[in-house]
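Engineer: Could you have a look at this structure, given as C-alpha cells, before my questions?
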Amino acid sequence: MHYRCNFCNNKAEVLRNKFYFCESCISISVNDYAQAEKRAMRSIKYFQTFLEYEFKNHIKVKFMPIEKLLEGQALGYFCYSEYQIDDTWIGYILIRDDLPRHAFDYTFAHEIVHVIIAENKGEYIDLPKIEEGLADFIGRDYMLKSGRKDRMKRIEYASIRATNTDPIYGDGIRMVNALVSEHGLMKTFHDIISRNFKIV
C-alpha cells in the first residue's frame with residue numbers, strides 16, 4: 001500500500017509523528033528559527049496591511065516540543081505566556097519543526113487568528129466553530145494574497161473544510177464563507193473578533 005504525503009499528495013517516503021512526508025516537502029521544511037521568524041513576520045504584516053489590525057501584544061514562534069507532537073494531529077497551536085512588565089503578554093505559536101513552507105505559512109496565519117481573538121477577550125468557548133472557521137478562511141486568504149505558488153494545489157484546506165461534515169471545522173468555514181460573501185472579509189474579521197455579528 002502506498003501512502004500519500006499529507007502536504008502535497010505525492011507519494012510519501014517518511015512517516016513522522018503521525019504525518020506522511022514526501023522527499024520534496026522534507027526538502028523545503030521550516031526547521032530553524034531564523035527562517036521561522038522571517039516567515040512569521042510576513043504573516044503578521046498581512047494582518048496589519050490587509051485586515052488593518054494592530055496587535056496589542058507580542059507574538060513569537062516556538063517549535064513544538066516532542067511530547068506535544070506525540071499527543072495528537074495538531075500542526076500547531078497557540079498558548080499564552082506570563083504577563084510582561086509592560087502589562088502585555090506574549091502569544092506563543094507552537095508549531096512543528098518539520099512543516100514544508102506552505103504548511104508552515106498556512107498554520108501560522110491560522111493560529112494568529114486565535115491570538116487576536118484572545119487578546120480581544122472574545123474567546124468563542126460557546127461557539128468554537130466561528131473561531132475555527134475564521135482561522136481557516138484567513139489561513140487560505142493569506143496564502144492567496146502572498147502569491148504563494150509552491151504546491152498551492154494542496155493549500156485548499158478551506159475548500160476541503162467546506163465539504164467537511166465536522167460540526168466545528170466544516171460548519172465553521174461554511175458560516176464564515178456566508179458572512180464574507182455578504183459583508184466582505186475586512187468587516188467579517190473585525191465583527192467576529194469584537195463579537196459583533198449575527199449567526200447565519
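Engineer: By how many nm would the segment from SER146 to SER27 grow when fully extended, if each residue of separation counts as 0.36 nm and the alpha-carbon distance is taken off? Each step should come with its number before you reach the end.
Structural biologist: Values: separation 119, 0.36 × 119 = 42.84 nm, distance 2.11 nm.
Once the chain is fully extended between SER146 and SER27, it gains 40.7 nm.
Engineer: Could you order the peptides 22-30, 92-100 from most to least packed, using the average number of other C-beta atoms within 10 Å per residue?
Structural biologist: 92-100, 22-30
Engineer: Treat the count of other C-beta atoms within 10 Å as a stand-in for reagent exposure and order GLU132, GLU119, GLU52 from fewest to most. Provide the component values of the computation, followed by the final result.
Structural biologist: On the way: GLU132 24, GLU119 17, GLU52 10.
By the 10 Å Cβ count, ascending: GLU52, GLU119, GLU132.
Engineer: What is the extension gain from THR88 to MET186, computed as 0.36 nm multiplied by their sequence separation minus the C-alpha to C-alpha distance, in nm to one decimal? Don't jump to the answer; show the numbers that get you there.
Structural biologist: Working: separation 98, 0.36 × 98 = 35.28 nm, distance 2.54 nm.
Extra length available between THR88 and MET186 comes to 32.7 nm.
Engineer: By how many nm would the segment from LYS68 to ALA34 grow when fully extended, if each residue of separation counts as 0.36 nm and the alpha-carbon distance is taken off?
Structural biologist: 10.0 nm
Values in this text are rule-based calculations from the coordinates and carry no lab data. None of these values were measured; they are calculated from a predicted model. Every residue, glycine as well, gets a Cβ built from its backbone with ideal geometry; the counts of neighbours run over all protein chains shown.
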